[in-house]
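Written below as structure tokens is the structure these notes are about.
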Amino acid sequence: MSIHGASVRDHWRTPSRVARPDRPGRIWRAGGFRRALGVVGAAGLRPGIMGVVTAGAEPQVRLLELRMGIPDVGGPPDVYPVLTILIDGDELLAAAGSGYVASPPAALLDDDEPLLPADPPRRVVLYTDTCGVPVAGSLAPVISASGGLVVWSDFAHFMDMDDAPVINEGQDGLLSRHPVGVPDLVFDAAQYTAEVRRASVAREWESDRWRTALLADEYLSPDRWWNLAGSGWDLGWIEPAGEDGSQFSVTCWDENLEHGLVLTLTISAGTPEDRARRIADYLLSTPAEQWPVASRIHRGGSPCKTATGAES
């Protein structure tokens with residue numbers, strides 16, 4: 001659906017974000033996760049200590065990718081986007097706990113560059129485990145450099161963390177610490193550093209298209225529960241789609257969070273504020289049967305794309 005007009009409501013409530021319930025999450029089998037990280041049947045990657053690769057083993061060098069994404073929390077997230085950490089193309093660390101959620105991008109890509117190795121090595125929080133309550137724990141490895149490699153080692157789960165991404169030296173001894181069955185992860189230093197610097201410089205979470213998506217979410221927050229055009233659908237989240245910056249993906253859920261719709265809206269040029277209001281105006285004024293449904297989500301399953309990109 002392409003939205004070009006300037007027809008927006010004259011009055012807009014003050015944007016406010018509200019807490020939201022969970023959505024169906026991705027299911028990982030424990031054995032599959034362990035094999036993916038090299039714990040089961042991996043000859044090339046063994047746990048080391050403080051970033052030192054175990055002697056006698058050729059390290060399996062991984063590929064790091066950093067992307068903006070929606071946290072997989074089982075429902076509409078309270079905060080997004082987050083910095084999705086892809087290792088060889090998969091978000092493997094999210095499956096290391098019962099409900100790990102990636103960190104906001106600004107926390108890991110700020111001027112202090114916590115993802116880059118330092119001397120001495122630092123322990124950095126990559127994921128938090130909310131368990132349905134305020135932050136209950138954090139997954140934090142030691143990030144170090146060794147012989148042209150960057151190594152994430154000595155993974156541990158810490159309880160009662162504050163918001164700082166770096167656990168200061170000596171602080172970990174004062175926190176409740178639990179070992180995590182994640183092996184050392186090894187990256188080529190040049191590829192790793194280039195990817196971290198790329199994401200830091202791009203600051204995609206501050207781009208106009210993400211600003212548009214988040215503003216539309218905020219404009220809709222007072223009306224999100226069962227008031228999207230009186231449709232019976234709740235707003236889940238809004239995110240940029242496509243590469244040209246004109247498309248946005250809108251995910252909506254039913255009351256029981258068992259079924260979802262993914263809409264694709266094409267919004268003509270304008271300021272983030274103007275485009276966000278057009279998105280909100282469209283969702284509040286257009287009957288649900290006229291929404292451009294690109295795919296459907298069913299609890300426990302994957303999105304099922306329709307043949308035409310319209311509701312079927």
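The values are calculated or read from the model by the stated rules, or taken from the named source; none is laboratory data. Note that the structure is a prediction, hence the values are computed from the model and not measured. FYI the Cβ positions are ideal-geometry reconstructions off the backbone, even for glycines, and counts take in every protein chain you see.
Selection of region 252-274 for residues being among the β-branched types (V, I, T) and within 17 Å of T286 (Cα to Cα) yields V262, T264, T266, I267.
Checking each residue in region 76-94 for being in contact with a Leu (Cβ under 7 Å, 6 or more places away or on another chain), surrounded by 18 or more Cβ atoms within 10 Å (Cβ to Cβ) and not in a strand (DSSP E or B) picks out L92, L93.
Any residue that is in a loop (DSSP other than H, G, I, E, B), farther than 26 Å from W253 by Cα and at pLDDT 75 or above - is there at least one of those in region 34-57? No, region 34-57 contains no residue that is in a loop (DSSP other than H, G, I, E, B), farther than 26 Å from W253 by Cα and at pLDDT 75 or above.
Condition first: among the acidic types (D, E) and at pLDDT 90 or above. Now tell me which residues in region 273-289 satisfy that. Correct list: E273, D274, D281. Considering every residue within region 301-312, establish whether at least one is in a helix (DSSP H, G or I) and either modelled with pLDDT under 80 or over 16 Å from A216 (Cβ atoms) (or both). Within region 301-312 (the criterion being in a helix (DSSP H, G or I) and either modelled with pLDDT under 80 or over 16 Å from A216 (Cβ atoms) (or both)), the answer is no, since none of the residues qualifies. If the condition is being under 18 Å from S153 (Cβ atoms), of a type in the set (D, E, K, R) and surrounded by fewer than 17 Cβ atoms within 10 Å (Cβ to Cβ), then region 95-122 contributes only D119.
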